[in-house]
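Working notes, structure below.
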Amino acid sequence: MKNEVLEQLRTEYSSKSLDESTIMKDPILQFEAWFHEAIESQLPEPNAMTLATAGIDYKPSARMVLLKRIESQHFFFFTNYYSRKGKELLWNPYAALLFFWNELHRQVRIEGRVEKITSEQSDSYFHSRPKGSQLGAIASPQSEVIESRETLEEKFKAVANQLENFEIPRPAHWGGYKVIPSSIEFWQGRANRMHDRILFTLIDKNNWAIERLAP
């Protein structure tokens, strides 16, 4: 693709605004309000979020995961602990999340510390998943090099046959994390690239500083 084509790709944002006088003082409540609006707007997978981590070499990596719970001001997702992101979170337990709801011209950026959730919480979610997803969590050595697609499918079939008449146990290497936010930024697209950006920074457990950032 020619650079001239890329340079001319742009969208003019002018749908809504975001103001300090009307934004909720609790960023979790503000996030939930935006999230419900994304659901009501029937956006595809509104809980899809970019998860950015960094390993012991300080090099960042990012991938899409799904938000599965908001509880006690924490954001929950689930994965294989032995995956690249799992290993990086073991080395460096901090991460950034990014939600992008293009149709609403909105982004939410979340940064904070990451902790594993309890085994009981992971068990509860694991057993709520479709059976195929449960089997996949056992069969797939996530992020590891594999010989072929056929090898992976054979492993899946073997696990499915082995556990056909049993409740599928959650593998010890699979479970949940919670992101404990220290900052949350709300971005609302505006005309002429004069976007609204409101940043919440945690002061203590129940208090957030609220600041406007230049676009």
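The values are calculated or read from the model by the stated rules, or taken from the named source; none is laboratory data. No experiment lies behind these values; they were computed from the predicted model shown. With ideal geometry, Cβ positions are generated from the backbone for all residues, glycine too; neighbour counts draw on all protein chains shown.
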Report summary line: Result of the Cβ filter at 6 Å on region 141-153, keeping first residues that are surrounded by 10 or more Cβ atoms within 10 Å (Cβ to Cβ) and partners that are assigned to a loop (DSSP other than H, G, I, E, B), at least 6 apart or interchain, is Gln142/Ser83; Ser143/Ser83; Leu152/Ile146
Query raised in the report: For region 91-109, how many residues are touching a helix residue (DSSP H, G or I) at 6+ places or on another chain (Cβ under 6 Å) and under 13 Å from Ala62 (Cβ atoms)?
Result: 0
Query raised in the report: What residue, of Ile28, Ile39, is within 19 Å of the chain's Cα centre (by Cα), at pLDDT 95 or above, surrounded by 14 or more Cβ atoms within 10 Å (Cβ to Cβ) and among the aliphatic types (A, V, I, L, M)?
Result: Ile28
Report task. Filter region 67-86 down to residues that are part of a strand (DSSP E or B) and either charged (D, E, K, R) or exposed (fewer than 14 other Cβ atoms within 10 Å of the Cβ) (or both) and give me whichever is modelled with the highest pLDDT. Result -> Arg69
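Okay, residues lined up against (1) in the same structural domain as Leu29 (by TED's automatic domain parsing); (2) in contact with a Ser or Thr (Cβ under 9 Å, 6 or more places away or on another chain); (3) part of a loop (DSSP other than H, G, I, E, B); (4) closer than 23 Å to Lys68 by Cα:
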{"residue": "Gln142", "(1), (2), (3), (4)": "no, yes, yes, yes"}
{"residue": "Lys155", "(1), (2), (3), (4)": "no, yes, no, no"}
{"residue": "Pro181", "(1), (2), (3), (4)": "yes, no, no, yes"}
{"residue": "Arg197", "(1), (2), (3), (4)": "yes, no, no, no"}
{"residue": "Ile203", "(1), (2), (3), (4)": "yes, no, no, no"}
